[in-house]
Amino acid sequence: GQSDAINKGWGRATGRFLAYLNSDDTYCPGAIVAAVNHLVRHPDIGMVYGDSNFIDERGGLLKVHNGRSMTIEDILCWSWHISQPTVFLHREAIDRVGMMNVDLNYAMDYDLWIRIAAQYQVLYLSAVLANERHYPSSKTVAAPELGLKGRLQALERFFSCAHPPAIHALKSMALATNCFKLSRYYLGMGNPAEARATALKALKVRPPMRLVGSNMHLFALGLVPTPRFGMWLRRSAGRFAKSANTYPYMSG
C-alpha cells in the first residue's frame, strides 16, 4: 500500500531531509530550496510545512490554503490542516520516531506528524510550497469518513504509547474534538443517528465538555431530526457561540 511504498522510498534515500509527493500533486518553483534552507537553519526542528494551492483535476485554482504555526496541542486537539505535499522532514526525526504506519490506509501522514510534533518543534513556513489536487475521485475527497476515522485510530495508537504527562493530559480533549468532527460529518451527510452516537462518544470521553455552538446543534438534531428544528438550532447555536467562551471546534 501507500505507506509501505513511502517507507521503501525513504529506506533507499541517502539525503539529510525527506519528503514525499503523491502522483497528482506538484511542488511550486523554489519550494524544495526554501524548505531545505529552513531545515538547515533550524537543525533542532523535526519538520517544516507551508501554504498550498488547492487545485482541481485540470490544475485550476480552487483556493489558497494558508497554514499557521502550531503546537502539539493544536495538532492533537484542533486538527488544523497541514497540507501534506508542503511537508519536509529531518531524517533524524524519522529515524527516531519511525516511518509510516503500514496498518493505516488513511491519516498515516497525520499519525507521523503527531509522533514528530511530540518530540520536535515543527516550523510553519509562510510560503506557497505545493499544489494539492482535490477532485471527486481523489482519496481524501472520495472517502472523508475513512479519513476522519483514521485520525481517531492514529490518536488512539499515539496515546497508547508512553509520553510526558503534559501530552497525556491532552488525550481526552484530542479524542473528543475529533469525535465531534466526525459527528458533524455524519450530520452533514444526513445521518443524525450516527451523528448523535458519535457526539455521545465524545461526551463519554470528556464529560465536562459543554454542548454549545455546532456541537449542541448536531447532538440535539440527532434526537429530533426535523428541518424546522434544525433551522431553530442553527440560529440558537449562533447565539450561543457568540456569547460563550468556547473552544475552536465549537464554532465550526
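The values are calculated or read from the model by the stated rules, or taken from the named source; none is laboratory data. Being a predicted model, the structure only gives us computed values, none of them experimental. Note that we place each Cβ from the backbone using ideal geometry, even for glycine, and neighbour counts take in every protein chain shown. Just the protein is used for accessible areas: all its heavy atoms, side chains included, with ligands, DNA and RNA removed. Shrake-Rupley method; radii C 1.70, N 1.55, O 1.52, S 1.80 Å.
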Straight-line reach from residue 139: which aspartates and glutamates have a Cα under 16 Å away, not including same-chain ones fewer than 8 places off? 24, 25, 56, 57, 109
Write down the Kirkwood hydrodynamic radius of segment 12-157, to one decimal in angstroms, obtained as one divided by the mean of 1/r over all alpha carbon pairs. 15.6 Å
Sort 159-172, 91-104, 41-54 by packing, meaning the average of other beta carbons within 10 Å per residue, with the highest value first. 41-54, 91-104, 159-172
Residue-normalised value, i.e. accessible area per residue, for segment 7-111 at 1.4 Å probe, in Å², stands at 50 Å²
Amide H contacts of residue 125 (H built 1.01 Å from N, under 5 Å, at least 5 apart or other chain): 49, 50
Give the cross-link partners of residue 63 among the lysines, using a straight C-alpha distance below 17 Å as the criterion and excluding same-chain residues fewer than 8 apart. none
Going through the cross-link list 149/181; 149/204; 8/149; 171/204; 149/201, which pairs have a Cα-Cα distance over 21 Å in this structure? 8/149
At q = 0.14, 0.18, 0.22, 0.30 Å⁻¹, what base-10 log of I(q)/I(0) does the Debye formula yield for segment 167-209 when every alpha carbon is treated as an equal point scatterer in vacuo? -0.30, -0.46, -0.62, -0.93
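Compute the orientation-averaged projected area for segment 40-106 from the convex hull of its Cα atoms and round it to one decimal in nm².
6.4 nm²
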For the peptides 135-143, 119-127, what is the packing order when you average, over each peptide's residues, the other Cβ atoms within 10 Å and list the highest mean first? 119-127, 135-143
Largest-first principal axis extents of the Cα set of segment 89-180 (Å): 41, 30, 27
